[in-house]
Amino acid sequence: MLAQLGNFVLWLALATSAYAFIAAIISGRTKRLDLTQSTERAVYATFALCLVAMGVLEYLFLTDSFNVHYVATHSSRDLATGYKFTAMWSGMQGSLLLWAFILSGFNFFAILNTRAHRGSLASYATAIMAFTQVFFLGLIGVHENPFIELNFTPEDGQGMNPLLVHPAMAIHPPMLYLGYVGFIIPYAFAMAALLSKKLDEEWIRTTRRWTLFPWFFLGTGQL
């Protein structure tokens, strides 16, 4: 039941981010305030849904739900609780979900930060961020879905890759992802400046802190 809920929430997040992409393009062209506000709410909803999907998957790991293929192949009963938590990003499916969640978080806070500066620049930037969100959520839903269930329940899982059972490896992927994914914000505003033909320094001032933040975490993750 929980795996089905996680899968439903994942596809719902894909739908809301797809709507945000389309609505942001239209609001950028028409400068309609109602569409801009609707786009912002869709971005907020996508973040909330990705958070729920992450929570469901973490719960499946912590409760040894080996009827879920991803849990059965990346965890086991004798794995320490702390590593059951980090096991969520020990494989491709969970790593991509973590990536999508962090991306939705950056989009969420970027939209909060730009509400006072609504306009075509912010709308086009939102469209680019939403399109990127659609890509990753679509990739997860179609090819790397972590909520696929088995037709039987194994007594135990295969366990985590021994190379990943280490404190440094537990924090390494989140640090890198905060770096890699965070660069979506300066990229989105740079492309939005081209699309809106606003090639002054506004987008540079807007994204300066958004560039320093992921740069710090990317360096920390590499270190």
Calculated from backbone phi, Karplus (6.51, -1.76, 1.60) coupling profile of region 146-158 in Hz, x at Gly/Pro:
x, 9, 5, 9, 7, 8, 8, 10, x, 5, 8, x, 7
Segment residue 63-residue 152, length gained on full extension (0.36 nm per residue, minus Cα span)
30.4 nm
Quick one: which residues, 5+ away or cross-chain, put their amide H under 5 Å from the amide H of residue 160? H built at 1.01 Å from N.
76
If you count only protein heavy atoms with a 1.4 Å probe, what accessible area per residue comes out for the chain, rounded to a whole Å²?
51
What residues have an amide H closer than 5 Å to that of residue 68, excluding those fewer than 5 places away on the same chain, when H is modeled at 1.01 Å from N in the peptide plane?
150
What net charge do the residues around residue 146 carry, taking every other residue with its C-beta under 15 Å from that of residue 146, with Lys and Arg at +1 and Asp and Glu at -1?
-2
Take each uninterrupted DSSP H stretch in the chain, measure its Cα extent along the helix axis, and return the ones at 18 Å or beyond whose mean Kyte-Doolittle hydropathy is at least 1.0.
2-30, 33-62, 92-114, 120-142
What's the FRET efficiency of residue 215 with residue 113 using the Cβ-Cβ distance as r and R₀ = 22 Å, to the nearest 0.05?
0.80
A convex hull over the alpha carbons of region 154-199 yields, per residue, a volume in Å³ of 108
Hey, what's the Cα Rg ratio for the chain versus the globular rule of thumb, 2.2 N^0.38 Å?
1.10
Kirkwood hydrodynamic radius of region 124-188 from all distinct Cα pairs, in Å?
15.1
Distances longer than 20 Å among the Cα atoms of region 28-139: what percent of all pairs is that?
48
Percent accessible area from carbon and sulfur atoms, the chain, protein chains only, probe 1.4 Å
66
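The values are calculated or read from the model by the stated rules, or taken from the named source; none is laboratory data. This one's a predicted model, so the numbers in the text were calculated from it and none came from an experiment. Neighbour counts are summed over all protein chains in view; Cβ atoms, including those assigned to glycine, are modelled from backbone coordinates with ideal geometry. Heads up: the accessible areas ignore ligands, DNA and RNA and are worked out on the full protein's heavy atoms, side chains in. Shrake-Rupley method; radii C 1.70, N 1.55, O 1.52, S 1.80 Å.
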